[in-house]
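Below is one structure, written out as structure tokens; comments come after it.
The values are calculated or read from the model by the stated rules, or taken from the named source; none is laboratory data. What you are looking at is a predicted structure, and each value in this text was computed from that prediction instead of being measured. Cβ atoms come from the backbone with ideal geometry, glycine included; neighbour counts cover every protein chain shown. Just so you know, the surface numbers come from the protein's heavy atoms only, side chains and all, with ligands and any DNA or RNA stripped out. Shrake-Rupley method; radii C 1.70, N 1.55, O 1.52, S 1.80 Å.
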Amino acid sequence: MLRTSICLAVVLSIAVENLAGHDNTGAQLAVYPVAIQLNSAVDANTFIAQITLPDGTTRDVTQQVTFEVREPALLRIEGNKIVPLADGQTEITFAFEDQKVAIPVSISQASLTPPTSFQLDVMPVFMKSGCNSGSCHGAARGKDGFRLSLFGFDPVGDYYRLTREMIGRRVNLAIPESSLLIEKSTGRVTHTGGERFNAEDPRFQTLMKWLHSGAVADPAPTPAVTKLEVFPPGGVLNGPGEAQRLSVRATYADGTDRDVTQLAYFLTSNDNSATVDQAGLVTAKNRGEAFVMARFDTHTIGVPFIVLPNDFQFQWTDVPANNYIDPLVHQKLKKLRIQPSELCTDVDFARRVYLDICGLVPTSTELTAFEVDTDPAKRSKLIDQLLARPEFVEVWVMKWSELLTIRSTAQVSYKATLLYYNWLQQQIAGNVRVDEMVKRLLGSAGGTFSSPATNYFQNEQDSLKVAENVAQVFFGMRIQCAQCHNHPFDRWKMDDYYGFAAFFSQVGRKAGQDPRETIVFNSGGGEVQHLVTKQNVAPKFLGDVNPDLAGRDRREVVAEWIVSPNNPYFSKNLVNIVWSHFTGCGIVEPVDDVRISNPPANQELLDQLAKNFINYGYDFKKLVADICNSRTYQLSTQTNATNAGDTRNFSHANIRRLRAEVLLDVISQITETKNKFRGLPLGARAVQIADGNTSSYFLSTFGRARRETVCTCEVKTEPNLGQALHLINGETLQSKIAQGGVVARLIAEGKTPEQIVDELYMRCLGRHPSETEKPKVFELINSDEDKTRGLNDLFWALLNAREFVFCH
């Protein structure tokens, strides 16, 4: 230990290893946290030192840095832990080779040892040890006769069950070492969960201190954790075996903070790429990306880690950017050492953008004209033309109908369903700002016929379920599990859940003059009770404040907040939904499962899209135009050596099976046939179906959503054997080919077999037949004396081709 008589500038080296064999030229040093405050004798704080090399890779140099303490009498350093000695202000300068970083340290109450707190110290031990998880004592009925609240949502109840349910056994104040709490945790007596820690573990010492102090409850409400931080903010690890320590800091409502690295529970989103142990050590495995998280109290937070092959040789080849989207995608790809694919061909682009914007394929005439057009801006012009077509509106009315679960039910008549659908169509066709549409929807009042948006509250009448649906549709968040306990993998607590549900607790309903119509209104009464406290909960914006509701409809107040800049979730969720539609994968995937433990693949891209969407005044068409005009959207599905395994970073276009409605519409378009659906005229498209309960065998087989829930998982686009068998053996293709008579008409027009073959290829696949395909095709046609039958067989084969069924 340093003597206080030594000079103030003291340099200590804690180098245990060396970096032999590593070239650290140009490395940038960072030390975390950037400032430290120590508030008691036991308030030690770990630090992390990390270097970033010119190639973007990072290294943990915590054990290699040297440091200089300006006031050495104030603190000592043990390993990478800073321990307070006396009150005061000082500074630590860390050095690695030619790099130096200084961080300020503030110390107060260095002689004070605070009592062990049940909520602040003991409860985190249960979390860290897995005692209150769903597979252990946190289960609904507990385990082996002992129950804890799941992930600690009810500390008051947990204290009671520990100290009062079996007095003298679970907690033995006379002989603390004989407490079941200790004996089972250390494995001294039979325990289903086995040994959780030993006598040398800080968790054991925390429990013993609490027991020796009388196992008292906290004398007053303890300050809540307001923020959790993980250091460093990420890393790029160079090869298997590379490791990085983590440090976790919690900030409390009283302004204090403390290092909770030993109490945080660590987990990883992808242990194939990076593992993390419960000491907070991240270890690289295989190439990929992992989100490493720390959970403490009710908070979960994480940081991204990229793992590269050891000394991976990669040379980025600059590619042009069409708009602001591309540099943000390229920035992430450079970190991953991935080169994006080349642009798709003009014919592939035309087919893709027609399908995505309008749910149709280009005619052979449209495709040929686009192919021979020499205008360098032709792709952008085509996008603008398609956005102006009514089919664009129809596709997005269908998408919103799924999100709003528009269908007839026992509460919503078929007439009301049609009126509700027509209202939605008017909003989108009129290019009404999305924020304005949402305010009209959530604040709607009146009759379900005269004010059709009110059917949103008629279709679902349970206040809690309405709140869950609103959060999932407009925020992309599944808050359902916070109804019974604090969310284990996100920020939401039970207080958040019931506070948000309270906005929808005063929706009144009464019969209208027409017995088929219901009047939805603000009843002015009705509250939501907290499941644990049994107290009424005041309305509170999700993750925000309790608003002033004096004289106002609660729904109008929450609707205004949902679409306001104060709500960070709304715009990001909407752009994520749109992005997913056009690329086949959300920046957050699934799009309606936004949570801390499911981070965006590209946070910067998501943020910029959302920012621009707001700046556009929530103009939907401008957002779509941005995405479709980007080089990223226009990439080929053909991969290269660097991106063949990439599924999340948009380095190439995804091959996507056409959704049920679009597939049926395209088959009808190509075969020149018409469909008849309930409530629609002959020839209407499947995407125009208003009622989720209206379907057909084809649509059901190919996964059309029934709109029974708001979950995007209702739409099925995964191919399966039943779909293949239906196309091959079902009546849809055969009957439509015969009914449309396309081949017969082309023959009657004097087209040659070669011209008809080319026409069929262009219709179905959006391209001309290749030179290798032509001999086989004409062998098939010429094998039948009836040329019409042979050409119809080709038509059928093309409609069965994977190239037709998929967007590519």
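Yes/no matrix, rows are residues, columns are (1) assigned to a loop (DSSP other than H, G, I, E, B); (2) at pLDDT 95 or above:
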{"position": "Val466", "(1), (2)": "no, yes"}
{"position": "Val473", "(1), (2)": "no, yes"}
{"position": "His485", "(1), (2)": "yes, no"}
{"position": "Phe489", "(1), (2)": "yes, no"}
{"position": "Asp496", "(1), (2)": "no, no"}
{"position": "Ala502", "(1), (2)": "no, yes"}
{"position": "Arg516", "(1), (2)": "yes, no"}
{"position": "Ile519", "(1), (2)": "no, yes"}
{"position": "Leu531", "(1), (2)": "yes, no"}
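In region 760-780, the qualifying residues are those that are crowded, with 18+ Cβ neighbours inside 10 Å, part of a helix (DSSP H, G or I) and not hydroxyl-bearing (Ser, Thr, Tyr), and the one that is modelled with the lowest pLDDT is Val777. Within region 519-537, the residues that satisfy the criterion of being within 9 Å of Gln506 (Cα to Cα) and of a type outside the set (Ser, Thr, Tyr) are Phe521, Asn522, Gly524, Gly525, Gly526, Glu527.
The sole residue among Thr206, Thr226 that is modelled with pLDDT of 90 or more, β-branched (Val, Ile, Thr), open to solvent by 40 Å² or more (accessible area, probe 1.4 Å) and out of contact with any Gly (no Cβ under 6 Å at 6 or more places or on another chain) is Thr226. Of all residue pairs spaced 6 or more apart or on separate chains, those with beta-carbon atoms under 8 Å, a first member in region 652-676 that is under 23 Å from Thr637 (Cβ atoms) and in contact (Cβ under 8 Å) with a residue 60 or more places away in the chain and a second member that is hydroxyl-bearing (Ser, Thr, Tyr) and assigned to a helix (DSSP H, G or I) are Ala653/Thr583; Asn654/Thr583; Ile667/Thr732. When residues in region 135-187 are screened for being under 33 Å from the mean Cα position of the chain (by Cα) and hydroxyl-bearing (Ser, Thr, Tyr), 2 of them pass. Within region 415-450, the residues that satisfy the criterion of being in contact (Cβ under 8 Å) with a residue 60 or more places away in the chain, part of a loop (DSSP other than H, G, I, E, B) and not aliphatic (A, V, I, L, M) are Asn431, Arg433, Gly443, Ser444, Thr448, Phe449, Ser450. Of everything in region 263-306 that is among the polar types (S, T, N, Q) and open to solvent by 50 Å² or more (accessible area, probe 1.4 Å), the residue that is farthest from Ile596 (Cα to Cα) is Asn286. Between Ile728, Ile689, Ile747, Ile737, the distinction of being in contact (Cβ under 8 Å) with a residue 60 or more places away in the chain and open to solvent by 20 Å² or more (accessible area, probe 1.4 Å) belongs to Ile728 only. Each residue in region 31-43 was checked for being surrounded by fewer than 20 Cβ atoms within 10 Å (Cβ to Cβ) and touching a Pro at 6+ places or on another chain (Cβ under 8 Å), and 4 pass.
Please count how many residues of region 570-610 are in a loop (DSSP other than H, G, I, E, B), open to solvent by 30 Å² or more (accessible area, probe 1.4 Å) and in contact (Cβ under 8 Å) with a residue 40 or more places away in the chain.
Count: 6.
Screening Arg554 on (1) open to solvent by less than 30 Å² (accessible area, probe 1.4 Å); (2) at pLDDT below 95 shows it passes everything except condition (2). Among all residues of region 312-321, there is none that is out of contact with any Lys or Arg (no Cβ under 6 Å at 6 or more places or on another chain), outside any loop (DSSP other than H, G, I, E, B) and open to solvent by 10 Å² or more (accessible area, probe 1.4 Å). One residue stands out in region 626-645 among those that are in a helix (DSSP H, G or I) and not aliphatic (A, V, I, L, M): the one that is farthest from the chain's Cα centre (by Cα), namely Asn629. Hey, does region 377-395 have a residue that's free of Cβ contacts under 8 Å to residues at least 40 places away in the same chain, among the basic types (Lys, Arg) and more than 24 Å from Glu661 (Cα to Cα)? Looking through region 377-395, at least one residue is free of Cβ contacts under 8 Å to residues at least 40 places away in the same chain, among the basic types (Lys, Arg) and more than 24 Å from Glu661 (Cα to Cα).
Yes/no matrix, rows are residues, columns are (1) open to solvent by less than 20 Å² (accessible area, probe 1.4 Å); (2) modelled with pLDDT of 95 or more; (3) basic (Lys, Arg); (4) touching a Phe, Trp or Tyr at 6+ places or on another chain (Cβ under 6 Å):
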residue	(1), (2), (3), (4)
Gly359	yes, yes, no, no
Thr374	no, yes, no, no
Ser380	no, yes, no, no
Gln385	no, yes, no, no
Val395	yes, yes, no, no
Glu402	no, yes, no, no
Ala410	no, no, no, no
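Counting just the residues of region 646-671 that are part of a loop (DSSP other than H, G, I, E, B) and of a type in the set (A, V, I, L, M), which one comes out most open to solvent (accessible area, probe 1.4 Å)? Ranking the qualifying residues of region 646-671, first place goes to Ile655.
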